[in-house]
Structure formats: structure tokens, C-alpha cells
Amino acid sequence: LLIDVSRSGVVDHQAVLDGLRSGHIAGAAADVHAQESGIPLLAQHPSGVVTPHIGGSTEEAQLRIAAEVVRRVQALDQTGRASHGV
């Protein structure tokens, strides 16, 4: 099994698809893919799963992001300076 959560281009999805077709790879999942439109390569195989780059979008992650945004806006209000962008 192969799970790709890297950046686009790190894993050769054509090679993974070939491995799926030959049986050398039992299954593959990717949260990233080079094709931004159309059907991603791994979705062309029944043992391939793709998600639209949302693997990190868990409920916990979203709550942490919201808390960080509030913290940065409060800091901007208090100091007049933005920290790492707001």
C-alpha cells in the first residue's frame, strides 16, 4: 500500500498506477496530484483513492487555525503590527 501526502511531483503517480495495474502495489491513496483538472491518475484504478488536497483539513486543524487567526488579529489590534500576515 502507498499513501502519498507529499507535494506534487514527489511521487510518480504514473509509476504508482503501473504498480497497481501489475499487482505490485495493492492500493494507493493520494491527497496531492499533478493534475489540477480532469481525472487524477490514481482515480483511474479501482484500488486508487484521491482526495482534493484536504487531508489536513480535520476539525481539530480548523479549530487551531481559527484560534491562531483570532490571536493574530488581537495582537495587531494591541501592537499595530501584523505577525506573519493576518
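Below is a table of values for the structure above.
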{"quantity": "Under 5 Å, built H, 5+ apart or other chain: amide partners of LEU2", "calculated": "GLY27, ALA28, ALA29"}
{"quantity": "Degrees, to the nearest 10: 13-22 long Cα axis against longest axis of the chain", "calculated": "40"}
{"quantity": "Accessible solvent surface per residue of the chain, calculated while the other protein chains remain in place, 1.4 angstrom probe, Å²", "calculated": "73"}
{"quantity": "0 to 90° range, to nearest 10: angle between helix 59-79 axis and the chain longest Cα axis", "calculated": "30"}
{"quantity": "Accessible area of the chain belonging to carbon and sulfur atoms, whole % at 1.4 Å probe", "calculated": "57"}
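The values are calculated or read from the model by the stated rules, or taken from the named source; none is laboratory data. Keep in mind it's a predicted model, so treat the numbers as computed, not measured. Note: accessible area is taken over every heavy atom of the protein model, side chains too, but ligands, DNA and RNA are not part of it. Shrake-Rupley method; radii C 1.70, N 1.55, O 1.52, S 1.80 Å.
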